[in-house]
Amino acid sequence: MTLKVSICPHCLPKKTIWGKFFQSLSEILDFKLLFEEVKDFQKETEKIEKKEYFLYYASPTSAYLLYKKGYHPIGKFINQIDKLLIIGSDNWEDIYKKEFIRVATINERFYILPIVQISYKFKIDFFRIEMILTETHEETLDKLIKGECDLGIIFQEYLDFYPELRDKVRIFEEFTLETSHYFMLNPVIPKNKVLEALKRIDPKIIKALGYEGIEVFEKETIEKLESFFLLSELNFEILKARSLQELLLKNPFIGVLIYNEKYIYANSYVCEITGYTKEEICELKPEELLYFEEDKEKIREVVKRRLKGEYFLKTWEDIAWKAKDGRKVYIRACSTTIFYDGRFCGFVLVYDVTKTKRLERLLQILREINQVLIQVDSEKSFFEKIGKSLIDVYGLKMVWVGIPDYETKLIKPLYVFGEEKGYLKEIKVSMEENSPEGRGPVGKAFRENKIQIISDTEKDPNFIPWREPALKRGYKSVSAIPLKTNEEVKYILALYADEPFFFEEENREILDEMKRDIEFGLRKIDMLIKEKILAETLKNLEELVITLDQDGTIMFINEKGCEILGYPQKEIIGKPIGIFNFRFKEEPLEKLLKKLENPLRIPVSFETSEKTLWFDMKINFVKLNEELFRYVLIAEEVSKILELKEKLDKERFLDSLTGLLNYEGFQEKTKEILPFIGGEGVMFIIDLCDFTYINTQFGYEGGNFCLKKIAKRLSSFLEESFISRVFSDSFAFFFYNLKDKQQIFEILKTLKELISKPIKLNNQTINFIFDAGVAIYPQDGKTFEELWEKASLALLEAKRKGKGVIETYSSLMREKINYYFKSETLIKRAFEEELFVFYYQPYFDINTLKIMGLEALVRIKEKDGTLYLPSDFLEYLENSLYWKEFEEWGIKTIKEKILQWKIPISFNLSSKAFTDLNFVKKLIKKFEDEQFFSNFGIEITERIIFQNVEEIKELVSFLKKQGIKVVLDDFGIGYTSLCCLKDIPFDILKIDRIFINDMFKSKKELILVKSIIDIGHSFGMKVLAEGVETKEQLNYLDIMGCDYVQGFYLAKPMPEEEVKKLLNKK
């Protein structure tokens, strides 16, 4: 049989000798013993609870645990007494000065007992001691030496095992436990045999352990020891009670009071909330802390009962105390009777609920205000209900509402509540900051629109002008709340409390909420008044009024509207406007609303089962916020007026031949629509060329046939326009709500297509051309007469110039329209007749003036030698359908020249290329050739980078992979940031000519050019200066380190022939 034996962890330094001890015991008992090491005290406790041992040499704590399991104490070493040492590494004076003292000790009961010794002997507040629990003595010493604790508690014998450690620590106190380590025997083992065996252990082994011998316990000793274990348990319970007492009495969050005839104890928490010292409190009778007389009477009865020894518990209740400075402090208290210091006393626990109480009352006020908001109907009743709540619920002394008087520059009382007692007649409050009476809470709140707080009227210097009358009436704390309506402070709500610090910064958030709620109520009152006026107005209107949400759902219709439409209100509200089938020019009203951008006045129709009703309708927007808006439709029924007008208009305003408007009808219609145009409009007058010839050749019937044919084509032209035949062979158009001026060009193009389309007449084909005059609203005129006059003048100018001419009254528009027509014709012809050519401008190495490459610049060259520069056609080309065809021609031509001349050539890519990168990539791939790509450069103008950063990154990356160089053109005049230069690997940076032209204007310009050169070099680029026109410019650029130069001083753009000569000369 094998039995387990073990020892206290502190004995492990001599475990070898203990091994011999148990070997000797095993031989004497004649059965095998297994010595099991337990390395720390935590594991020792766990093993004692879970395992069974034959014999255990245990510390008092472990011995007690084993005793409770049934083990018996049978012996101990002679003269072995447990002693604990309180040790440290610093001077005691330095340790004592610390706010908290850290004490490291084994997590075992007997090692915790000296904590109380430290507290009492060295007069250290129990709460200043912070315990650090360790598992071994080694860990305790390690923390002490490393400075992780201030004091340590260890077993004396452990320090005796390691005498070298004594020099590293200081022993402050020796603590004798009056206990020993004991041999604890398993209860199933017979005692006598083991006792005899212990007596026979080799004395040399015992001496090696440091002891004289083993004292075997007799029955009386064992009973005495068991009594000691029980007493130790009682001591620990007393220690726990002492700890709880210390925790309670010195708790910083709970107040503790003990009283007899007077208070005999008060902790620091009570002193803090009342402002009294402990000595001052102990001079007070229990009732003298209370604020209200009725509470004082009650407490006197309670005190009498407690001092007689009557035990009863008073559970938590809220009571008002009076602080030393007169403040009202609300506490929540419970109390009982205790026997203390040889007599019956009252024991009270309290905590401060002043802030909570005030917040609760403020929140109650907010609830009251919210209730008032539901019932509010007038300003006066609103303020009366709020004022009453502030006095009755919030407990304020006085409240008044003031308004600014801009004549006297004073804040005058409007409403007053509570105990005013003539205060407002005695004082004055100014609106102005330069007046002393304007620097208080009310004046400042008015000017700054911020809540103002005076916590203590007796001490705050900002309250001096009103202090005496305020204190006379018991106003100890003040707050002023500005109330804003219609973007200005209209009222000030002034609150007065009868105790200091009633209003504090901590309450500001709730006061802000109160401000917002009251302001909401005032806005609601204002809205109710307006709604009443509006409702009464709508009720008496003879027009139909409908309000729609932004989806076209009906939210309101007035009584007259229901009467006109023949539906009760309940069948209309919530339905879409489409149920009425209102129409404008055959278009449903709901469709028109979706694209409406400006207020509009239009005639609309409404079909009933009996007839069509007509309305003159005004459509307006009402914006509620950034996202929400409402449509308001106001319509007057004009059916009878329109019926009569329609009959007259057909005879008066329509052209009998074409059915279009005549001149008078066109005039009337234009005048009618002009007031409702929110943007721009345009008037065209067109005159068919050579129409007299048609009448002569085919007769008037043939001429009329052609006019009707053209009129029919033009009738299907565009929305938002109307057309008329104003004279025999002349038509007029008015287009309103133009998107932009570019649309004018599109309209003219469509007109050309419609009119020039051939007409078959008597087996002959007739092709018409026309002259046109254009006037733009409102820049050329704001009335029909002004527009007609300007368009007519433009038509005369067009006729003067020849057939098929279009003239605009606006010089800018005339130039633009002419430019587009001329450019379109020129480009179309350039492709058809192969008129595109490149001129090439060389750029040079600044040091050697060797030609480094050419820049290809497009021109259009007529057969007769007339040359068109890019300014004549390039803008149109880049925005036309021809740009892809041009890019392909350009790259193909440059490839031929590079392979022929063996010199790098660069080419400007169109801005349109960045809208179709796939096309550009395919086009580049189409001309793939290593020799071509290595000498080919693509120039990208700086102005387009800002809008196409990601596309340019992608394209540059693609080009670089093909071996193509990328040039940043016109640097400095666009929006390129340094980030773009960092992220896009251009090969060459070209400084725009404007900087070269200005470089000698001042030193700053020179510095700027030098900075651009340095920036280019910093990003690994070559730098090329454009527009070099003088030797001085060339020399300075050389000094500044520029790489390449280009300009008229060295060479102008030249045709192919001259390039060949230059290259041959080179």
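Just so you know, all these numbers are worked out from the coordinates, no wet-lab data involved. Quick caveat, the model's predicted, so the values are computed rather than measured. Neighbour counts are summed over all protein chains in view; Cβ atoms, including those assigned to glycine, are modelled from backbone coordinates with ideal geometry.
Side notes on the structure shown:
- Sequence-distant aspartates and glutamates (8 or more away, or on other chains) whose Cα lies within less than 20 Å of LYS921: GLU878, GLU885, GLU887, GLU888, GLU896, ASP929, GLU930, GLU939, GLU950, GLU951, GLU954, ASP987
- Kirkwood Rh, angstrom, the stretch 118-208 [1 / mean 1/r, Cα pairs]: 17.0 Å
- Global form of the stretch 13-146, assessed from the alpha-carbon gyration tensor, a/c cut-off 1.5: prolate
- Working ranking of peptides 396-406, 752-762, 206-216 by packing, defined as the average number of other Cβ atoms within 10 Å per residue, highest first, is 396-406, 206-216, 752-762.
- Over all other residues within a Cβ to Cβ distance under 11 Å of SER455, the charged ones net out to -4, with Lys and Arg as +1 and Asp and Glu as -1.
- Whole-number D in µm² s⁻¹ for the stretch 251-352, Kirkwood Cα-pair radius fed into Stokes-Einstein, 25 °C, 0.890 mPa s: 182 µm²/s
- Counting only residues at least eight positions apart within a chain, or on another chain, the lysines with an alpha carbon under 17 Å from that of LYS97 are LYS121, LYS123.
- The stretch 83-179: antiparallel DSSP beta bridges as a percent of all, rounded to 5: 55 percent
- Once both labels are positioned 7 Å from their Cα atoms along Cα-to-Cβ, the gap between GLN900 and LYS380 label points is 10.1 nm.
- The calculated pair-distance distribution of the chain uses every alpha carbon pair, bins of 10 angstrom beginning at 0, and gives 2, 7, 9, 8, 8, 9, 10, 10, 10, 9, 8, 5, 3, 1, 0, 0 percent.
- Beta bridges per DSSP with both ends in the chain, % antiparallel, nearest 5: 75 percent
- Taking a straight Cα-Cα cut-off under 18 Å and skipping sequence neighbours fewer than 8 places away in the same chain, the lysines within cross-link reach of LYS388 are LYS380, LYS397, LYS421, LYS515.
- Scaled radius of gyration (Cα, divided by 2.2 N^0.38 Å) that the stretch 316-377 gives: 1.77
- Pairwise FRET efficiency - GLN364 versus LYS421, Cβ, R0 = 25 Å, nearest 0.05: 0.45
- Loop-located GluC sites (Glu not before Pro) in the stretch 291-325, at most 11 other Cβ atoms within 10 Å (DSSP): GLU310
- Cross-link pairs LYS594/LYS782; LYS560/LYS618; LYS39/LYS83; LYS671/LYS712; LYS925/LYS1022 - those with Cα-Cα distance over 18 Å: LYS594/LYS782; LYS39/LYS83; LYS671/LYS712; LYS925/LYS1022
- Oblate is the label for the stretch 862-950, because the ratio a/c of its alpha-carbon gyration tensor axes (a ≥ b ≥ c) is 1.5 or higher and a/b is not greater than b/c.
- Computed over the stretch 654-809, the alpha-carbon pair-distance distribution with 10 angstrom bins reads 11, 42, 36, 10, 1, each value a whole percent.
- Averaging the sequence gap over all C-alpha pairs within less than 8 Å and six or more residues apart, then dividing by the number of residues, gives the chain a relative contact order of 4 percent.
- Taking every Cα-Cα distance in the stretch 827-1065 and sorting them into 5 Å bins starting at zero, the pair-distance distribution P(r) comes out as 1, 6, 14, 18, 19, 18, 14, 7, 3, 1, 0 percent.
- For the stretch 527-660: rounded, prolate or oblate by the Cα gyration tensor [a/c cutoff 1.5]: prolate
- Using the Cβ of ASP992 as centre and a radius below 11 Å, the other residues enclosed give a net charge of -2, where K and R count +1 and D and E count -1.
- Relative contact order (%) - criterion: Cα under 8 Å, at least six apart; region: the stretch 541-642: 27 percent
- Counting Lys and Arg as +1 and Asp and Glu as -1 over every other residue whose Cβ lies under 9 Å from the Cβ of ALA635, the net charge comes to -3.
- Fraction of the pair-distance distribution of the stretch 451-568 above 19 Å, Cα-Cα pairs, percent: 65 percent
- Those trypsin sites (Lys or Arg not before Pro) in the stretch 869-969 that DSSP places in a loop and that have at most 11 other beta carbons within 10 Å: LYS902
- Going from the residue with the fewest nearby Cβ atoms within 10 Å to the one with the most, PHE831, PHE417 rank PHE831, PHE417.
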